[in-house]
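> I have a structure I would like to understand better, so I am pasting it below and will then ask my questions one at a time.
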Amino acid sequence: MASPETAGGEKMQEFQKQINSVMRTINSNSKVVAFMNSPVGQYLDERPFLSLSLLVFIALSAVPVGLFLTVIAGTAVTACLGLIILEGIVIAVCGVALLCVLCGLVILSFGVSGVLSLCYLAISSILNYLHTSRLLSGARPLTPPDSQAEDSHRRRKVSKDSTHVD
């Protein structure tokens with residue numbers, strides 16, 4: 001039976017293969033390639049925290065914007081029935097409410113992006129530590145071959161006629 005460490009390592013490698021496959025599929029999409037070659041794509045590629053914040057903001061703002069558009073469509077139908085003044089008031093109030101919600105979501109998206117970035121850094125540091133400690137636990141510290149040769153020359157001095165000299 002496999003130990004928990006090797007079973008976990010195999011699961012992690014399988015998960016990594018799946019993630020790499022998904023990333024290759026996304027990166028090979030022609031629309032993604034065109035976007036990444038655009039100035040906006042290059043700008044966001046250079047600033048991953050801003051990209052993550054923008055992604056979180058877009059995801060969180062979809063529901064309030066959808067509700068706002070639903071209210072607008074409803075008021076447009078109502079306006080067709082002759083309630084033009086009510087439509088203007090409702091649109092103004094909903095516009096101010098949407099602005100407040102979106103401002104709150106901007107702050108929330110930066111906070112969520114910060115937490116996600118910290119989690120990524122912490123998890124990658126922990127995995128890196130575990131990986132390096134597992135590699136070094138079974139092997140003695142490695143020294144470069146050049147330093148081993150220098151050490152052997154320092155320990156033993158040999159004269160030109162191959163006799164040992166201390």
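The values are calculated or read from the model by the stated rules, or taken from the named source; none is laboratory data. Just so we're clear, the structure is a prediction, and the values are computed from it rather than from any experiment. Cβ atoms come from the backbone with ideal geometry, glycine included; neighbour counts cover every protein chain shown. Ligands, DNA and RNA are excluded from the accessible area calculation, which covers all protein heavy atoms including side chains. Shrake-Rupley method; radii C 1.70, N 1.55, O 1.52, S 1.80 Å.
> Can you name the residue in the stretch 78-124 that is farther than 24 Å from residue 65 by Cβ and among the small types (Gly, Ala, Ser) and is also surrounded by the most Cβ atoms within 10 Å (Cβ to Cβ) among such residues?
117
> Does residue 96 meet the test of being under 26 Å from residue 26 (Cβ atoms) and of a type in the set (A, V, I, L, M, F, W, C)?
no
> Starting from the stretch 115-135, keep only residues that are in contact (Cβ under 8 Å) with a residue 40 or more places away in the chain, then list their pairs with residues that are open to solvent by less than 100 Å² (accessible area, probe 1.4 Å) and among the hydrophobic types (A, V, I, L, M, F, W, C) whose Cβ atoms are within a distance under 9 Å, requiring at least 6 positions of separation or different chains.
Once the first residue is in contact (Cβ under 8 Å) with a residue 40 or more places away in the chain and sits in the stretch 115-135, its partners that are open to solvent by less than 100 Å² (accessible area, probe 1.4 Å) and among the hydrophobic types (A, V, I, L, M, F, W, C) give 116/52; 116/56; 117/49; 117/52.
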